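Asker: First, the structure itself, so that you have it in front of you.
The values are calculated or read from the model by the stated rules, or taken from the named source; none is laboratory data. Note that the structure is a prediction, hence the values are computed from the model and not measured. Backbone-built Cβ (ideal geometry, glycine too); neighbour counts: all protein chains shown.
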Amino acid sequence: MKQKIFVLLIAMMTACGTFAQAPSNDGDNRSSRRFNPERMAKQMANELKLDDETTAWFKPIYMEMLDTLMTIRKEGHLDRERRNNLTDDEAAAWVEASFANEMRLVLVKRSYYDRLKTRLTPKQLLAVFTQRGWEGRQRPSWQGNRDQQRGPGGWHRGGFPGGHGRF
C-alpha cells in the first residue's frame, strides 16, 4: 500500500513539473519580446509623457524610423560563421561597406530628427535619439548591486576578480 501511494505521489509530482514548464499562450513568450516597433513606440510615448494628439502624431513616425533603422542594420549584419570565412579582400570590402552603412544610419536619424523637432522638446529628442542603458533604472536581479561588490581593494573580497579573499 505504501509503495502504491509513493508511486502515485511521484507520478503527481512529475505531472505537476511538466505542466509548470508548459508554454503559456498569455503573450509572454519569446516572440513577444522580439523587435516590436508598435510596443516600442507606445513605451517611448509614455516615457516622453506626450498628450493624446502628440502621441497620435509621434507613433507612426517613430515606428517608421525604427523599421528603417532596423532594415539598415540588418543589411550590414555579418554573422560569425561568415565573418570567420572571409578573405582579406572581402573583409576590407565589408569594413568599407560598414562605414557607408553607418553613414546611412546617421543620415536617417538626422532626417527623423528634423521631422520630430517640430513638436518635441530638446529633452524629449534626447530621449528618442540616445542609447538608453541601465542609467536610472533598477538592474535586473541577476546583476545584483555591482557597486557593493567592489570593495576598496578591487573586485569582491581580496581584490581579485572573482576571488574570494583567501589563497
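Asker: Failed condition for R119, given (1) modelled with pLDDT under 90; (2) over 20 Å from the mean Cα position of the chain (by Cα); (3) in a loop (DSSP other than H, G, I, E, B), with all others met?
Answerer: So R119 meets the others, but not (1).
Asker: Report yes if some residue within the range 76-95 is of a type in the set (S, T, N, Q) and surrounded by 10 or more Cβ atoms within 10 Å (Cβ to Cβ); otherwise report no.
Answerer: No, every residue in the range 76-95 fails to be of a type in the set (S, T, N, Q) and surrounded by 10 or more Cβ atoms within 10 Å (Cβ to Cβ).
Asker: Something else about it: Report, by residue number, each residue of the range 72-104 that is at pLDDT 90 or above and within 21 Å of R34 (Cα to Cα).
Answerer: Across the range 72-104, there are no qualifying residues.
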